[in-house]
Amino acid sequence: APRAKLVAVCETAAKQAFASSKDPEKCALLYVALGKHKILGGLYKATGNKAVGTFLMTRDFANNESDRDAASKNALALMSKQRYELAAAFLVLAGSPGDACDVLARRADRLSLAISLLRLLVGADERLPEWAERFLLDERHDARSTIRSLHAWLTDSNYGDAGDDARTAAYTFQSSEVSGKDVHWWS
C-alpha cells in the first residue's frame, strides 16, 4: 500500500508540474521514474517537440539494448550541457538508476532529489537493490543526514493529505532546467 500511495502522489505531482509550466521537462524525471515515458513523449509532441516525443514513444527501453544505448548517449549530451535532471531521467531509461541518482547528488547537488528518485524507483516496502545500497553508503553523498531531514512522505508509510503530498513531491522534483530543444536525439 505505501508504494501505491507514493506512485499516486508522484503521478499527481507530475500532472501538476506540467499543468503549471506547460514544459514536459518539468515532469520528465517523475514520468520516467513512474515508467510512463510514453506519456512524457506525448507531452513533448503536444508542446511541439516532435523529435523528443517520437524518441520516447517509439522506444522499448526495457527490452532493447540499442534503445537503452541511445538513452545513455542522450544522457551524456545532457550532462555536457549541465541539464542534470533530464540527464538523470535518460539514465533511468538507459537502465542505470544508480548513475541517475549519482548525477543528481554529485553533479546537480540535489541529494534529496536523488534519494526521492531512489525511493520512487525502489519503493518503501521493498529490499534495496545493490545499486541503491551502494549509492546510500557512498560517503561522498552524506545520505544518512539528508534522509533524516527529508519530508515525511519520503520516510513515512502513513502518508497524509494527498494534496500536501503532491505539493511536496512537485517541490522535491521541481526542475531548474531549460527547454530541451538543443539536444540531439539519437536514432
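Coordinate-derived values only; no laboratory data. Keep in mind the model is a prediction, meaning the values are calculated, not measured. Cβ atoms come from the backbone with ideal geometry, glycine included; neighbour counts cover every protein chain shown.
Summary table below
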quantity	calculated
Among the residues listed as Ala94, Ala70, Ala75, Ala17, the single one being over 13 Å from Leu117 (Cα atoms), of a type outside the set (S, T, N, Q), surrounded by 19 or more Cβ atoms within 10 Å (Cβ to Cβ) and in contact with a Cys (Cβ under 6 Å, 6 or more places away or on another chain)	Ala17
Sole residue being closer than 15 Å to Phe135 by Cα and buried (at least 19 other Cβ atoms within 10 Å of the Cβ), chosen from Arg110, Arg106	Arg110
